[in-house]
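What follows is one structure encoded as C-alpha coordinates, with my remarks underneath.
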Amino acid sequence: AARNEEAVIGELVASLQEQKYPKDKYDIYVLPNNCNDDTKGAAERAGALIFEPPLPVKSKGEVLHQTIDYLTRTADHDAYIVFDADNIVDVNFISEMNKALEAGYGAAAGFRDSKNHYSTYMSSSYSLFYLVTNVFYNGARSALGMNSLITGTGFMISREKLKKLGGWNTVTITDDVELTLQLSNMGEEIAYVPKAITYDEQPEDFEQSWHQRLRWSIGSQQNYKLMGHKLFNSAVNKEGKNAFDMFLM
(Lines give C-alpha, C1' and ligand atoms only; values in the text may rest on other atoms or scores of the structure.)
Protein backbone atom coordinates (compact mmCIF):
# COMPACT_ATOMS: atom_id res chain seq x y z
CA ALA A 1 0.00 0.00 0.00
CA ALA A 2 2.05 2.89 -1.35
CA ARG A 3 1.44 6.61 -0.80
CA ASN A 4 4.06 8.96 -2.30
CA GLU A 5 6.73 6.26 -2.45
CA GLU A 6 8.19 7.06 -5.87
CA ALA A 7 11.73 7.27 -4.48
CA VAL A 8 11.82 3.78 -2.94
CA ILE A 9 9.17 1.56 -4.55
CA GLY A 10 11.43 0.44 -7.41
CA GLU A 11 13.98 -0.96 -4.97
CA LEU A 12 11.33 -3.10 -3.26
CA VAL A 13 9.95 -4.43 -6.54
CA ALA A 14 13.48 -5.27 -7.74
CA SER A 15 14.18 -7.27 -4.58
CA LEU A 16 10.93 -9.20 -5.06
CA GLN A 17 11.80 -9.99 -8.65
CA GLU A 18 15.12 -11.48 -7.48
CA GLN A 19 13.45 -14.05 -5.22
CA LYS A 20 14.77 -17.62 -5.33
CA TYR A 21 11.31 -18.90 -6.12
CA PRO A 22 9.63 -19.86 -9.45
CA LYS A 23 8.75 -16.62 -11.23
CA ASP A 24 5.45 -18.01 -12.52
CA LYS A 25 4.27 -18.80 -8.99
CA TYR A 26 3.91 -15.27 -7.60
CA ASP A 27 2.70 -11.82 -8.60
CA ILE A 28 3.89 -8.42 -7.37
CA TYR A 29 1.18 -5.82 -6.79
CA VAL A 30 1.72 -2.20 -5.81
CA LEU A 31 -1.32 -0.36 -4.45
CA PRO A 32 -0.93 3.39 -5.05
CA ASN A 33 -3.36 5.49 -3.04
CA ASN A 34 -3.76 9.23 -2.46
CA CYS A 35 -0.45 9.92 -4.25
CA ASN A 36 0.70 13.26 -5.59
CA ASP A 37 3.93 11.88 -7.02
CA ASP A 38 4.65 9.18 -9.65
CA THR A 39 4.54 6.13 -7.39
CA LYS A 40 2.42 4.30 -9.97
CA GLY A 41 4.81 5.04 -12.84
CA ALA A 42 7.87 4.04 -10.81
CA ALA A 43 6.22 0.76 -9.80
CA GLU A 44 5.18 -0.04 -13.37
CA ARG A 45 8.67 0.73 -14.70
CA ALA A 46 10.10 -1.64 -12.09
CA GLY A 47 7.77 -4.38 -13.35
CA ALA A 48 4.97 -4.47 -10.79
CA LEU A 49 1.27 -4.95 -11.40
CA ILE A 50 -0.91 -2.07 -10.24
CA PHE A 51 -4.17 -2.03 -8.31
CA GLU A 52 -5.65 1.35 -7.45
CA PRO A 53 -8.52 1.27 -4.92
CA PRO A 54 -11.70 2.31 -6.75
CA LEU A 55 -13.26 3.72 -3.56
CA PRO A 56 -11.83 6.48 -1.33
CA VAL A 57 -9.38 5.26 1.32
CA LYS A 58 -8.02 6.80 4.50
CA SER A 59 -5.84 3.98 5.84
CA LYS A 60 -3.70 1.01 4.90
CA GLY A 61 -6.44 -1.29 6.19
CA GLU A 62 -8.96 0.19 3.76
CA VAL A 63 -6.51 -0.22 0.87
CA LEU A 64 -5.92 -3.88 1.76
CA HIS A 65 -9.66 -4.48 2.20
CA GLN A 66 -10.39 -3.42 -1.38
CA THR A 67 -7.30 -5.16 -2.79
CA ILE A 68 -7.95 -8.51 -1.12
CA ASP A 69 -11.60 -8.37 -2.15
CA TYR A 70 -10.51 -7.79 -5.76
CA LEU A 71 -7.82 -10.48 -5.79
CA THR A 72 -9.98 -13.17 -4.21
CA ARG A 73 -12.56 -12.57 -6.94
CA THR A 74 -10.20 -12.33 -9.92
CA ALA A 75 -7.12 -14.45 -9.11
CA ASP A 76 -6.27 -17.75 -7.45
CA HIS A 77 -3.40 -17.07 -5.07
CA ASP A 78 -2.84 -19.47 -2.17
CA ALA A 79 -1.60 -16.71 0.13
CA TYR A 80 -0.73 -13.03 0.34
CA ILE A 81 2.44 -11.42 1.67
CA VAL A 82 2.38 -7.76 2.69
CA PHE A 83 5.33 -5.35 2.69
CA ASP A 84 5.85 -1.66 3.35
CA ALA A 85 6.84 0.28 0.24
CA ASP A 86 10.28 1.25 1.58
CA ASN A 87 11.41 -2.33 2.28
CA ILE A 88 14.04 -4.57 0.73
CA VAL A 89 13.30 -8.29 0.87
CA ASP A 90 15.78 -11.14 1.31
CA VAL A 91 15.99 -13.42 -1.75
CA ASN A 92 14.74 -16.44 0.22
CA PHE A 93 11.72 -14.70 1.75
CA ILE A 94 8.95 -16.24 -0.35
CA SER A 95 10.43 -19.74 -0.27
CA GLU A 96 10.69 -19.60 3.54
CA MET A 97 7.11 -18.39 3.87
CA ASN A 98 6.00 -21.11 1.48
CA LYS A 99 7.55 -23.69 3.82
CA ALA A 100 5.35 -22.36 6.62
CA LEU A 101 2.29 -22.52 4.37
CA GLU A 102 3.08 -26.10 3.37
CA ALA A 103 3.56 -26.98 7.05
CA GLY A 104 -0.07 -26.00 7.64
CA TYR A 105 0.25 -22.44 8.95
CA GLY A 106 -2.27 -20.00 7.54
CA ALA A 107 -0.44 -16.96 8.88
CA ALA A 108 3.20 -16.19 9.63
CA ALA A 109 5.44 -13.32 10.70
CA GLY A 110 8.95 -12.94 9.31
CA PHE A 111 12.14 -11.45 10.76
CA ARG A 112 11.96 -7.66 10.63
CA ASP A 113 15.43 -6.18 10.26
CA SER A 114 16.52 -2.61 9.40
CA LYS A 115 17.97 -0.91 6.32
CA ASN A 116 19.51 1.93 8.28
CA HIS A 117 20.93 0.48 11.51
CA TYR A 118 23.57 3.14 11.99
CA SER A 119 22.14 6.26 10.35
CA THR A 120 21.21 7.99 13.62
CA TYR A 121 20.74 7.19 17.31
CA MET A 122 17.00 6.86 16.61
CA SER A 123 17.30 4.33 13.76
CA SER A 124 19.79 2.37 15.89
CA SER A 125 17.30 2.30 18.76
CA TYR A 126 14.54 1.04 16.47
CA SER A 127 16.85 -1.63 15.07
CA LEU A 128 17.56 -2.85 18.59
CA PHE A 129 13.83 -2.77 19.40
CA TYR A 130 12.98 -5.03 16.46
CA LEU A 131 15.86 -7.39 17.28
CA VAL A 132 14.44 -7.77 20.78
CA THR A 133 10.94 -8.29 19.33
CA ASN A 134 12.21 -10.99 16.96
CA VAL A 135 14.23 -12.90 19.54
CA PHE A 136 12.44 -12.41 22.85
CA TYR A 137 8.83 -11.92 21.75
CA ASN A 138 8.25 -13.93 18.58
CA GLY A 139 11.16 -16.33 19.04
CA ALA A 140 10.25 -17.15 22.62
CA ARG A 141 6.56 -17.66 21.83
CA SER A 142 7.41 -19.83 18.85
CA ALA A 143 9.52 -22.06 21.10
CA LEU A 144 6.50 -22.42 23.41
CA GLY A 145 4.11 -23.20 20.56
CA MET A 146 2.36 -19.85 20.90
CA ASN A 147 1.39 -17.17 18.40
CA SER A 148 3.79 -14.62 17.01
CA LEU A 149 2.89 -10.95 16.68
CA ILE A 150 2.45 -9.57 13.16
CA THR A 151 4.35 -6.27 13.01
CA GLY A 152 3.22 -4.32 9.98
CA THR A 153 5.43 -5.66 7.21
CA GLY A 154 6.86 -8.94 5.99
CA PHE A 155 3.98 -11.19 7.00
CA MET A 156 1.91 -13.84 5.24
CA ILE A 157 -1.76 -14.81 5.45
CA SER A 158 -3.44 -17.50 3.42
CA ARG A 159 -6.48 -17.08 1.20
CA GLU A 160 -8.22 -19.72 3.32
CA LYS A 161 -7.74 -17.78 6.58
CA LEU A 162 -8.87 -14.52 5.00
CA LYS A 163 -12.04 -16.22 3.78
CA LYS A 164 -12.62 -17.46 7.32
CA LEU A 165 -12.18 -13.87 8.56
CA GLY A 166 -14.61 -12.62 5.91
CA GLY A 167 -11.84 -10.79 4.04
CA TRP A 168 -9.47 -8.08 5.23
CA ASN A 169 -11.60 -6.08 7.65
CA THR A 170 -9.33 -4.10 9.99
CA VAL A 171 -10.68 -0.77 11.23
CA THR A 172 -8.00 0.48 13.66
CA ILE A 173 -4.88 2.46 12.74
CA THR A 174 -2.68 -0.47 13.81
CA ASP A 175 -4.04 -3.01 11.34
CA ASP A 176 -1.17 -5.45 11.94
CA VAL A 177 -1.98 -5.86 15.63
CA GLU A 178 -5.69 -6.04 14.88
CA LEU A 179 -5.11 -8.89 12.40
CA THR A 180 -3.03 -10.72 15.03
CA LEU A 181 -5.88 -10.35 17.54
CA GLN A 182 -8.52 -11.47 15.04
CA LEU A 183 -6.59 -14.65 14.23
CA SER A 184 -5.79 -15.42 17.87
CA ASN A 185 -9.40 -14.88 18.89
CA MET A 186 -10.46 -17.48 16.30
CA GLY A 187 -7.92 -20.00 17.54
CA GLU A 188 -5.69 -19.70 14.46
CA GLU A 189 -1.93 -20.22 14.69
CA ILE A 190 0.60 -17.56 13.63
CA ALA A 191 4.04 -18.96 12.91
CA TYR A 192 7.38 -17.21 13.28
CA VAL A 193 9.70 -17.65 10.28
CA PRO A 194 13.12 -16.21 11.24
CA LYS A 195 14.70 -16.94 7.84
CA ALA A 196 12.09 -14.81 6.04
CA ILE A 197 13.90 -11.48 6.43
CA THR A 198 12.63 -8.00 5.56
CA TYR A 199 14.83 -4.90 5.74
CA ASP A 200 12.68 -1.98 6.83
CA GLU A 201 13.55 1.73 6.94
CA GLN A 202 13.38 3.12 10.48
CA PRO A 203 12.67 6.69 11.64
CA GLU A 204 15.82 8.77 11.93
CA ASP A 205 14.73 11.65 14.17
CA PHE A 206 12.59 12.24 17.23
CA GLU A 207 9.72 13.89 15.38
CA GLN A 208 9.24 10.92 13.04
CA SER A 209 9.44 8.55 15.97
CA TRP A 210 6.99 10.57 18.06
CA HIS A 211 4.31 10.50 15.36
CA GLN A 212 4.79 6.78 14.80
CA ARG A 213 4.66 5.89 18.49
CA LEU A 214 1.63 8.13 18.98
CA ARG A 215 -0.12 6.15 16.23
CA TRP A 216 0.91 2.87 17.88
CA SER A 217 -0.42 4.04 21.25
CA ILE A 218 -3.77 5.17 19.85
CA GLY A 219 -4.03 1.93 17.85
CA SER A 220 -3.42 -0.12 20.98
CA GLN A 221 -6.27 1.66 22.76
CA GLN A 222 -8.53 1.15 19.75
CA ASN A 223 -7.71 -2.56 19.66
CA TYR A 224 -8.30 -2.99 23.38
CA LYS A 225 -11.73 -1.40 23.09
CA LEU A 226 -12.55 -3.47 20.02
CA MET A 227 -11.07 -6.85 20.98
CA GLY A 228 -10.22 -6.89 24.70
CA HIS A 229 -13.54 -8.34 25.91
CA LYS A 230 -13.65 -10.88 23.07
CA LEU A 231 -10.11 -12.06 23.74
CA PHE A 232 -10.71 -12.47 27.46
CA ASN A 233 -13.87 -14.49 26.82
CA SER A 234 -12.06 -16.65 24.29
CA ALA A 235 -9.19 -17.20 26.71
CA VAL A 236 -11.55 -18.36 29.43
CA ASN A 237 -13.98 -20.36 27.33
CA LYS A 238 -12.10 -21.96 24.43
CA GLU A 239 -8.89 -20.64 22.93
CA GLY A 240 -6.73 -20.52 26.05
CA LYS A 241 -3.17 -19.23 26.15
CA ASN A 242 -2.91 -17.45 22.77
CA ALA A 243 -6.06 -15.41 23.32
CA PHE A 244 -4.98 -14.61 26.91
CA ASP A 245 -1.46 -13.66 25.78
CA MET A 246 -2.88 -11.25 23.20
CA PHE A 247 -5.31 -9.83 25.77
CA LEU A 248 -2.33 -9.01 28.01
CA MET A 249 -0.34 -7.58 25.09
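Could you give the semi-axes, largest first, of the ellipsoid that matches segment 4-147, computed as the square roots of 5 times the alpha carbon gyration tensor eigenvalues and rounded to whole Å?
After diagonalising the Cα gyration tensor, the semi-axes are 26, 21, 16 Å.
So if I place +1 on the C-beta of Lys and Arg and -1 on the C-beta of Asp and Glu, and nothing else carries charge, what would the dipole magnitude of the chain be about its Cα centre? I want it in debye, nearest 20.
Roughly 900 debye for the chain.
Using only alpha-carbon positions, what ratio does the radius of gyration of segment 174-215 give when scaled by 2.2 N^0.38 Å?
1.58
In a solvent-free Debye calculation with one equal scatterer on each Cα, what is log10 I(q)/I(0) for segment 43-109 at q = 0.11, 0.13, 0.20, 0.23 Å⁻¹, listed in the order of the q values?
Result of the Debye calculation: -0.34, -0.48, -1.11, -1.30.
Taking the solvent-accessible surface of protein heavy atoms with a 1.4 Å probe, what is the per residue accessible area of the chain in Å²?
51 Å²
With the calculation restricted to Cα positions, what are the radius of gyration and Dmax of segment 71-170 in angstrom?
15.0, 46
For segment 185-249, what is one quarter of the convex hull surface built on the Cα atoms, given in nm²?
In nm², the orientation-averaged hull projection of segment 185-249 is 5.8.
I need to check one value: relative contact order of the chain, counting alpha carbon pairs closer than 8 Å and at least 6 residues apart, in percent.
22 percent
What percent does the relative contact order of segment 1-116 come to when contacts are Cα pairs within less than 8 Å and at least six residues apart?
34 percent
For a quick check, take a GNM of the chain with Cα springs below 10 Å and name the residue from Asn36, Asn98, Asn87 with the largest mean-square fluctuation.
Asn36
Would you compute, from DSSP H runs of 4+ residues alone, the mean residue ellipticity of the chain at 222 nm, taking -39500 (n - 2.57) per run and dividing by the full residue count, rounded to the nearest 500?
The helix-only estimate for the chain comes to -14500 deg cm²/dmol at 222 nm.
Any idea how far the Cα center of segment 89-151 sits from the one of segment 181-249, in Å?
If we compute the Cα centre of each part, the gap is 14 Å.
Run the quick spin-label model on Lys195 and Val171: label points 7 Å from Cα toward the beta carbon, then report their separation in nm to one decimal.
Using points 7 Å along Cα→Cβ, the separation is 4.1 nm.
Which three semi-axes in whole Å describe the equivalent ellipsoid of segment 1-54, each the square root of 5 times a Cα gyration tensor eigenvalue, listed largest first?
In descending order, the three semi-axes are 21, 12, 7 Å.
With every atom except the alpha carbons ignored, what do you get for Rg and Dmax of the chain, in angstroms?
17.5, 52
Please report the carbon-and-sulfur percent of the accessible area for the chain; probe 1.4 Å, protein heavy atoms only, DNA, RNA and ligands left out.
53 percent
Sort segment 117-226 into rounded, prolate or oblate with this rule: let a ≥ b ≥ c be the square roots of the eigenvalues of the Cα gyration tensor; rounded if a/c is under 1.5, and if a/c is not under 1.5, prolate when a/b is larger than b/c, oblate otherwise.
Oblate.
What does a probe at Lys163 reach in segment 24-58, counting residues whose amide N is under 20 Å from the point 7 Å along Cα→Cβ?
26-27
The values are calculated or read from the model by the stated rules, or taken from the named source; none is laboratory data. Since this is a predicted model, take the numbers as computed values, not measurements. Note that we place each Cβ from the backbone using ideal geometry, even for glycine, and neighbour counts take in every protein chain shown. Keep in mind that these areas ignore ligands, DNA and RNA; they rest on the heavy atoms of the full protein, side chains included. Shrake-Rupley method; radii C 1.70, N 1.55, O 1.52, S 1.80 Å.
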